[in-house]
1. Helix-only estimate, please: 222 nm mean residue ellipticity of the chain, summing -39500 (n - 2.57) across DSSP H runs of length 4 or more and dividing by its residues, to the nearest 500.
2. Please state the charge dipole magnitude for the chain, taken about the Cα centre, from unit charges on C-beta atoms (+1 on K and R, -1 on D and E), reported in debye and rounded to the nearest 20.
3. Run the numbers on the stretch 3-115 and let me know its relative contact order in percent, using alpha-carbon pairs under 8 Å that are six or more apart.
4. Multiplying the sequence separation of Arg142 and Phe325 by 0.36 nm and subtracting their Cα-Cα distance, what value in nm do you get?
5. Under a straight-distance cross-link criterion of Cα-Cα below 20 Å, which aspartates and glutamates are reachable from Lys243, leaving out those fewer than 8 residues away in the same chain?
6. Which residues among the stretch 164-200 fall inside the zone where the amide N is under 20 Å from a point 7 Å beyond the Cα of Arg260, along Cα→Cβ?
7. Work out the length of the dipole vector of the stretch 409-521 about its Cα centre, built from +1 on the beta-carbon of each Lys and Arg and -1 on the beta-carbon of each Asp and Glu, and round it to the nearest 20 debye.
8. Between Asp25 and Glu476, what is 0.36 nm times their sequence separation minus the Cα-Cα distance? Round to one decimal in nm.
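Please treat every number below as a calculation from the coordinates, not as lab data. Because the structure is a prediction, the values reported are computed rather than measured. We place every Cβ from the backbone using ideal geometry, glycine too, and count neighbours over all the protein chains shown.
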Amino acid sequence: MSIDDVVGFLYEDLQSGWHLSVEADQVSALRHEGRTLLLAGYQGWSKPETLRRLREDSSQPGWALALLGTHEDFESLSETEGVHLWPLPTTPKLIRAALKAAMGTISGGDAELKLQLDRARYESSLLVDIGRALSQERDTNRLLDLILLRAREVTHADAGSVYIVEGDEDDLSLRTLRFTESQNDSRAMHSEGFTMPVSSSSIVGACVLGGEVINIPDLYSLDRAGTGNNPWGFVHDKSFDQKNDYQTRSIVTIPMISARHQVIGVIQLINRRKAGLTKLGGTATFENDVIPFDEVSIKYATTLASQACIALENSLLYDEVKTLFEGFVKASVTAIESRDPTTSGHSERVADLTVGLAKVVDRADSGPYAGAKFNIDEIKQIEYAALLHDFGKVGVREHVLVKPKKLYGHERDAIDLRFQYIRRTIELEKQTTKLGYLLEASAEEVVDVLKRVDAEAEDKLREIDDFLQFILSANEPTVLEQGGFERIADIATRRYYDIYGEESAYLSPGEVISLQVARGSLTEDEREEIESHVVHTFNFLKQIPWGRTYRAIPEIAGTHHEKLDGTGYPRGLRAKEIPAPAKMMTISDIYDALTASDRPYKKAVPVPKALDILKSEVDRGKLDLDLFNMFVEAKVFDVAGKR
């Protein structure tokens, strides 16, 4: 006999005072003198979620559960305590015996008390499990989904929604409610999030404003606004019900009140089902099979709302701290780049490149990095370290940091004025010499002498102009031309008399050092000062209490200029001493420095040329070969052009 045969036999065999009803597909309820036996065929209990609900329903006083199935079906059960197993196939005689035994277990005061205790234990255990699950969840969306699911479990609600209160205004009516989560066992639907004002005209709005549970046994039977059983003045909008062939009958709305006595959200539960039902519609009707939420259900839901509120408040606080921290990081990057506008966007691009390379490494299934895996927090740690890798530049003197040429502006102006003074001195000497000859020489000699004086002065002036022109050329942050070093030294040996009559050099020792820089614009001392930014970065970042999640940020950011062969700075670390994320950042940092188009002192290097330069560094043992190959093969550099 199948489940249908068993139900049919029982229906025909029932005596006076017995009642048999179909609760859901493959689930029926047999009632007699306040006792209820749920009968479930294999299709009605085979799914874990369905079986859990059947167990939950049958755990209440005066109830029991009988599962029908083959011996093979019962092998899948992990727990059979408190459940009656009716093996199929069976006979009428065996059915009568099994029915008598099952109903007998729920007769008498002791059995009822035991069932009450069992149900209390179950529900208490469920709340403990819910509390544990809520405390472990950090993602706000998943947390809200879990809150709603568990609230529906303890109340047998067919559907429900969660709303979050948004805004900081003291006046609640100025805030908004965001519809964030919805669930429905009887209808497959996708509800888009929306916002609505906190207003007493809506049930959830009134719940927020009053901070009290609103329990409506049957929304369809409410009297007109403000009378009878409708003191709130609600008007039910049935457009949702009509659109989805649904009826919102019993409804309870529970405020989520924080430790600061503020309503931060609302749980709304809809349509409490009769025991044994898994969905509404079809043979189970909204009018007959939806019941009001009783005091026990509301008590459990309110307890859960209190638990959920703490978890939600912690989650929202975590999100606030995360947003605050990310704002701090972005503000720090802005502070870095405001000191050196020529590198604007560099930190973000390096972060994008480094994170992109880390994700490629995470997917690697061969090579030395096959075992390297980065979880979400580790990826975020790499991103923060890359964003802040140049923060130490705030400790570098600004004129050094943004020095565009070998000489500072005031030094170049001083040289220009000095050479103007030397020119004027030569011209004055020329005029003085000519005047002396005019006073002493004969008329026949004057013309030849004056020509010779003019020619000598012109040669000196031309030499001075050539010197100045060469100095200005050498001032550019390019490679010093062949013989330039010696010529700068030669110019520095030349002397003139200043306005005080003191003999001075055409170029000071400091100017000579600057102009003799072979490549770029920085002297050795200035380069060391620039390189010290890494030390400043590490010292600054290690002052921040990153916690266990991001504790490696100072080390990663503070080693991005180290090279595998120990020639990097500031500590001269070698390959094994450098964290893998720092090796990735080194490649990204060099690549962006080469290809950046916003540097006024150099042209952007084309991508192929930049990759060739990186490859030469790899060949010289300074950069990681495997990381470079992944960088190129995955075209990680393409992300740099997307900012």
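1. Counting only the DSSP helices, I get -16000 deg cm²/dmol.
2. Roughly 1200 debye, rounded to the nearest 20.
3. Once divided by the residue count of the stretch 3-115, the mean separation gives 21 percent.
4. On the way: separation 183, 0.36 × 183 = 65.88 nm, distance 2.22 nm.
Result: 63.7 nm gained on full extension.
5. Asp158, Glu181, Asp185, Glu192, Asp218, Glu287
6. 164-178, 198
7. It comes to approximately 240 debye.
8. Working: separation 451, 0.36 × 451 = 162.36 nm, distance 8.62 nm.
153.7 nm is the gain from fully extending Asp25 to Glu476.
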